[in-house]
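One structure below.
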Amino acid sequence: MPAFSLDPPQTAWCAELRTLADERLRPLAEKGEPGHVNRALVAELGQLGLLERLFTSGAVDLCLMRESLAYACTEAETALALQGLGAHPVHAHGTQAQRDRWLPRVAEGTAIAAFALSEPAAGSDAAALELRAEEGPVTETPPAAPPPSAEPDGAARWRLTGEKCWISNAPEADFYTVFARTTPGAGARGVTAFLVPADRPGLGGTSLDMLSPHPIGALTFDAVPVTADDVLGEVDRGFRVAMGTLNLFRPSVGAFAVGMARAALDATLAHTAERDAFGGKLKDLQTVAHQVAEMALRTEAARLMVYAAATAYDEGAEDVPKRAAMAKLLATETAQYVVDQAVQLHGARALRRGHLLEHLYREVRAPRVYEGASEVQRGIIAKEIYACEEAVR
């Protein structure tokens with residue numbers, strides 16, 4: 001499929017998704033409590049079959065879903081994306097037992113997943129993780145005795161001790177993909193991915209009050225037991241699990257951003273065509289028309305790069321890390337620009353609580369930070385293009 005063209009079935013599906021988001025998902029989103037998991041909304045995503053597609057479709061499909069849902073209901077988009085981010089490592093690297101236990105429930109919308117990578121001192125520098133996975137017997141007993149069923153089957157090989165922070169869906173998720181250091185001093189090579197159910201003894205957490213309305217929290221690990229059966233992939237190879245997941249989801253973060261940018265652009269087109277100003281309509285002012293043209297140009301350019309990166313992922317191209325970073329960087333920075341300009345052209349009304357642009361203005365800032373800040377994406381791009389240059393010498 002050419003990166004710049006969608007076929008008629010895909011175009012029709014996107015329109016259907018926007019309608020579903022507007023008619024069935026937004027009402028549930030509006031009933032949710034900001035900063036907390038909206039289980040009714042997640043369940044409806046499952047009923048619509050959208051969560052199952054996280055495991056049966058490729059990157060292009062994921063981007064189409066995220067862009068279309070974001071256009072009409074950012075809360076639904078984020079709920080879908082967080083399920084995918086938390087569960088993809090299980091789908092891609094889990095054992096059959098792990099997949100059988102969790103993926104059907106994620107697809108149904110009855111189990112909430114979370115991706116626990118960032119830490120208080122290791123956000124953008126993911127290789128600097130400090131959460132320890134210590135082998136051997138535990139000398140300290142967790143302060144609260146958990147239900148017997150919470151203990152993992154078999155003797156614990158490791159105990160997780162430390163903190164995670166800025167974790168979406170925490171502390172309300174049902175299980176976490178957790179990245180912990182199994183070999184001290186080994187950098188990225190000494191990290192292991194674990195599937196940790198939320199009822200494990202010693203696992204606690206608190207909610208964080210953030211600008212974005214979706215749930216984000218911190219997790220504490222007080223000698224949380226995990227066994228070999230909880231490992232995702234291979235011991236000391238968890239960084240590959242993390243980066244493989246991010247290479248898939250970074251372009252789709254771009255799709256989320258494009259959906260918001262398109263919503264802001266369409267709102268601006270309608271407003272400037274109807275708003276009276278200086279004896280005519282706002283759109284008749286050359287400065288306004290040129291600004292709207294710039295918004296449209298940047299949005300379309302970002303959209304093309306997102307789907308180029310998604311197509312590269314689906315085709316197994318070698319330059320996926322570079323393309324994924326470029327797509328996330330351009331699309332998130334573009335969305336910030338477009339939404340900001342839309343607010344400016346709308347004036348004070350766009351700042352009123354409950355206005356679409358007021359909502360988008362709060363939503364659009366975070367994607368430039370999570371899953372690798374814009375500065376990190378620039379570093380990835382530079383590293384990849386210099387490596388390519390050296391390879392052809």
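Couple of notes before you dig in:
- Take 323-336, 207-220, 258-271 and order them by the average number of nearby Cβ atoms within 10 Å per residue, most first; the result is 323-336, 258-271, 207-220.
- The distance between label points at Trp13 and Arg378 comes to 3.6 nm (points 7 Å beyond Cα on the Cα→Cβ vector).
- Ranked by the mean number of other Cβ atoms within 10 Å per residue, highest first, peptides 48-56, 378-386 order as 48-56, 378-386.
- If you take all other residues with their beta carbon under 10 Å from the beta carbon of Leu246, and give Lys and Arg +1 and Asp and Glu -1, the sum is +1.
- Other residues lying with their Cβ under 13 Å from the Cβ of Trp158 contribute a combined charge of 0, Lys and Arg counting +1, Asp and Glu -1.
- Stokes-Einstein D for the chain, Kirkwood Rh over Cα pairs, 20 °C, 1.002 mPa s (µm²/s): 98 µm²/s
- Using the Cβ of Lys281 as centre and a radius below 10 Å, the other residues enclosed give a net charge of -1, where K and R count +1 and D and E count -1.
- Calculated from backbone phi, Karplus (6.51, -1.76, 1.60) coupling profile of segment 50-64 in Hz, x at Gly/Pro: 7, 5, 4, 5, 4, 10, 10, 10, x, 5, 4, 4, 4, 5, 4
- J(HN,Hα) series, segment 109-123, from Karplus relation 6.51 cos²θ - 1.76 cosθ + 1.60, nearest Hz, glycine and proline x: x, 9, 10, 9, 9, 8, 10, 10, 10, 5, 9, x, 10, 8, x
- Whole-Å distance, taken between Cα centres, linking segment 63-82 and segment 18-36: 11 Å
- Ordering of 236-248, 364-376, 288-300, 347-359 by packing is 236-248, 364-376, 288-300, 347-359, highest average first (other Cβ atoms within 10 Å, averaged per residue).
None of the figures in this text is laboratory data; all of them are computed from the coordinates on show. Please read all numbers here as calculations on a predicted model, not as lab measurements. With ideal geometry, Cβ positions are generated from the backbone for all residues, glycine too; neighbour counts draw on all protein chains shown.
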